[in-house]
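Just below is one structure, and these are the notes that go with it.
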Amino acid sequence: MGSSGDIEEAPVPAWKDIHKRAVDKGDQTYIDPATGYTVFTELSHRDRGYCCGNACRHCPFEHDNVGKPDQLRQQARAAREARRQARKASKEERPKSLDDSDSSSK
């Protein structure tokens, strides 16, 4: 066995720092410097709420749905329903606008 000085560390890919900066700024995407492709950040994936099944570089869901189309469909359906319920709840909580109250007095 060699000493730790014998082992070369792999270079850190440029996209790692670019991704960190994009996340720190709250960006949903960044441009990969090696390919020019637009890449979704971890924030974008978290906003979706489930693994899309495409083995994404920054998947925060441990690639849970890669190769599992039935599971993916089920999770996508559940995420859509949760968003629908959240929108419905926020609409119910909104106070009536001033315009609505003015029109009833006319």
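Structure notes:
- Across Glu62, Glu81, the residue with the most accessible area heads the list, and the full order at a 1.4 Å probe is Glu62, Glu81.
- P(r), alpha carbons of segment 1-53 - 10 Å bins starting at zero, rounded %: 22, 37, 21, 15, 5
- Ligands, DNA and RNA excluded, the heavy atoms of Glu93 present near 150 Å² of accessible surface to a 1.4 Å solvent probe.
- Solution diffusion estimate, µm²/s, Stokes-Einstein, segment 26-93, Kirkwood Rh from C-alpha pairs, 25 °C, viscosity 0.890 mPa s: 183
- Computed accessible area, His63, all protein chains, 1.4 angstrom probe, square angstrom: 80
The values are calculated or read from the model by the stated rules, or taken from the named source; none is laboratory data. Keep in mind that what you see is a predicted model, and the values were worked out from it rather than measured. For the accessible areas, the whole protein counts, side chains as well, though only heavy atoms, and no ligand, DNA or RNA atoms are used. Shrake-Rupley method; radii C 1.70, N 1.55, O 1.52, S 1.80 Å.
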